[in-house]
Ligand code: NAP
């Protein structure tokens, strides 16, 4: 009997939390529903796959990731550890290293892929996706698979890469053993649940339980359940007090006990403004001590910081609710006060789409009702820009909303990742970050970035912040004898400051070329002394600066690249790696266009051949971008 997985319509009268719970419940059902009635109890995670499946040996499992910032790779590594513990013989591969034709020989596959920008494949997944989507892609009838999609629901094209790969694998005849899960930024809990379900489902294949059998025809039919969005349930992060608990005792040489699930309360040892007084921006340099945490990192990695919401905004929301803040909120795991919830546990600066729907349903506001009903993402994003939870509550100040009603519609407070700008060799025991403080006026109030204003305005030397390292193995300096071309305007300089210090400390012989820029040399040439020092010392072999507003027309880093196109192409021909960091939406696209033009012009290539050249660079991991 075919069992169709229920799909949760967006307009069901449930709160965000109820929908999330239900989605999780159904995802679990989906996992179990493929076990035919009458078979033994569903395979449990933890049970080793049946030994007779593959002549007694451990069962092979291919784990494939596509990543832009390292998250998908991190999840893939976790999946490998867990799969190994459950009796599989897992192999983890970057999509960049996977030849699609070899997939036909794979029996079990877990795909973990992020989406970058407005629905694009991550760079390392592009070729793989082209080959998979091509008409001559191989049939994959013997393949059992699951897809975990990572993304950010703020963007259109949320989790699009995962959706595309999931749909295409099914089209090619592969069997989906677990529904795709589309994870939002706070992906940990959904990823854990998906992984547990995926391993159980793959285990069940070997026990003969993973296929739904059509009783009438006797033929095997495969359920293709609609993929669901599982919104992260509020996985309440530890309040800072909890993070300040005594450090776990660590045996000498042992792995650090601190990590994503247990952030380290790191002390801030410096917090200074880098930009000049006449700058339009406030760019800060923070030095964070790793103390005796045992945490280590590498150039290219990021650091995650869990912020605390602005207490002034918390007060305003409490006033609007007519609450004191002492009201108790309970979820499935714990109880906490409303003030704690709004301060430490939920996003109050960026309203969830659930909250928009909820407010629309409770008010008569025609614009909001229209936006909610049409599901027009672009219009909704435009409307939401510069609006926070208080703005939504004030759409109709006469409507009474209880604390529970509000909390049920909020997203959990996510950590923020900053590219590390220090080198573990040159700045031992510390992590530096280079951060632009986001401040702007909207309506009658000043607004700010949640984490950047928390760090700029409410954290000073001696204070602690909960941190963990976000590794990015795909964004590392090249081998010591290989040249690096680094393009990082604004705070995009961060990882390249790390690379340059690291390469200097290592005595790396490979040449270095930096393209940097910002608005004005006087006010915005951050780390000017260090950068000019690197140039004087011969660490930086070439330095090209683009100060966009120091003349009557804009000059950007890509203009400098074009001016030096012949040399840049020569460096590429000699094996240089190209790195880009900073703004994804405009800068990284324009830099990419410039790179295509330079390759076409100086390599005398037509558009298609230039595209192939760039694709080759990506495939060889010589064109790497850390952009958002
Ligand atoms: P920014 O806004 O990127 O400005 C830096 C310089 O880039 C300015 O001179 C600006 O000129 C110029 N610029 C504007 N449009 C451009 C374009 N299309 N092409 C090339 N240059 C362009 O600097 P920021 O304030 O430091 O912001 C940096 C951005 O990078 C932020 O969005 C940040 O979130 C992101 N970032 C990402 C990472 C990462 O992904 N790991 C790390 C660090 C920073 P005008 O203003 O004069 O037009």
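Read the figures in this text as sums done on the coordinates, not as results from a lab. The model shown is predicted, which means the values in this text are computed figures rather than measured ones. Ideal geometry is used to build each Cβ from the backbone, glycine not excepted, and the neighbour counts take in all protein chains shown.
Roughly speaking, what is the stretch gain from residue 428 to residue 399, that is 0.36 nm per residue apart minus the C-alpha to C-alpha distance, in nm to one decimal?
Values: separation 29, 0.36 × 29 = 10.44 nm, distance 5.46 nm.
Working it through step by step, the gained length comes to 5.0 nm.
Determine the distance separating the Cα centre of region 560-590 from the Cα centre of region 381-448; give it in Å without decimals.
When both Cα centres are located, 32 Å separates them.
For the pair residue 324 and residue 312, how long in nm is the line joining their label points, each one 7 Å along Cα→Cβ?
Label-label distance for residue 324 and residue 312, simple model: 2.6 nm.
Each label point is 7 Å from the Cα along the Cα-to-Cβ direction; what then is the distance between the points at residue 282 and residue 509, in nm?
Taking the simple label geometry, residue 282 and residue 509 are separated by 4.8 nm.
Using a/c under 1.5 as the rounded threshold, could you call region 464-555 rounded, prolate or oblate? The axes a ≥ b ≥ c are square roots of the C-alpha gyration tensor eigenvalues, and prolate needs a/b larger than b/c, oblate otherwise. Spell out each step's value before the answer.
Values: a/c = 1.96, a/b = 1.28, b/c = 1.54.
Because a/c hits 1.5 or more and a/b fails to exceed b/c, region 464-555 counts as oblate.
Where a ≥ b ≥ c are the square roots of the eigenvalues of the C-alpha gyration tensor, would you call region 484-627 rounded, which needs a/c under 1.5, or, failing that, prolate if a/b is larger than b/c, or oblate?
On the way: a/c = 1.79, a/b = 1.24, b/c = 1.45.
Verdict is oblate for region 484-627.
Using the 10 angstrom Cβ neighbour count as an exposure proxy, how do 140, 318 rank, fewest first? Provide the component values of the computation, followed by the final result.
Numbers: 140 23, 318 18.
Lowest to highest Cβ neighbour count: 318, 140.
Give the shape of region 552-628 as rounded, prolate or oblate, defined through the alpha-carbon gyration tensor: a ≥ b ≥ c are the square roots of its eigenvalues, a/c under 1.5 means rounded, and otherwise the shape is prolate if a/b is larger than b/c and oblate if not. Can you show the working numbers first?
On the way: a/c = 1.66, a/b = 1.20, b/c = 1.38.
The shape class here is oblate.
Listing 446, 98 from the residue with the fewest other Cβ atoms within 10 Å to the one with the most, what is the order?
Going from sparsest to densest Cβ surroundings: 446, 98.
Would you please give the FRET efficiency between residue 168 and residue 118, computed as 1/(1 + (r/R0)^6) with r the Cβ-Cβ distance and R0 = 22 Å, to the nearest 0.05?
On the way: r = 20 Å, r/R0 = 0.89.
FRET efficiency, residue 168 to residue 118: 0.65.
Would you calculate the separation in nanometres between label points at residue 552 and residue 570, each defined as 7 Å from the Cα along the Cα-to-beta-carbon direction?
Going by the 7 Å Cα→Cβ label model, 3.4 nm.
Need the full-extension length gain, residue 85 to residue 381, defined as separation in residues times 0.36 nm minus the C-alpha distance. One decimal, nm.
Length difference between fully extended and current span is 102.3 nm.
Between residue 273 and residue 361, what FRET efficiency follows from the Cβ-Cβ distance if R0 is 51 Å, with the result rounded to 0.05?
FRET efficiency, residue 273 to residue 361: 0.70.
Just need the relative contact order of region 311-409 here, percent rounded to a whole number, with Cα pairs under 8 Å and 6+ apart. Before the final figure, lay out the partial values.
Numbers: 89 pairs, mean separation 34.6, N = 99.
This gives 35 percent for region 311-409.
Between residue 530 and residue 458, what FRET efficiency comes out of the Förster formula 1/(1 + (r/R0)^6) with R0 = 41 Å and r the beta carbon distance, rounded to 0.05?
Working: r = 28 Å, r/R0 = 0.68.
Between residue 458 and residue 530 the formula returns 0.90.
Return 332, 560, 616 ranked ascending by Cβ neighbour count within 10 Å, so the fewest neighbours appear first.
Going from sparsest to densest Cβ surroundings: 332, 616, 560.
Compute the length gained on full extension between residue 139 and residue 445: take 0.36 nm times their separation in residues and subtract their Cα-Cα distance, giving the result in nm to one decimal.
104.4 nm
At 4 °C and 1.567 mPa s, grab the translational diffusion coefficient of region 59-204 from Stokes-Einstein with a Kirkwood Rh over Cα pairs, rounded to a whole number in µm² per second.
Here the translational diffusion coefficient equals 88 µm²/s.
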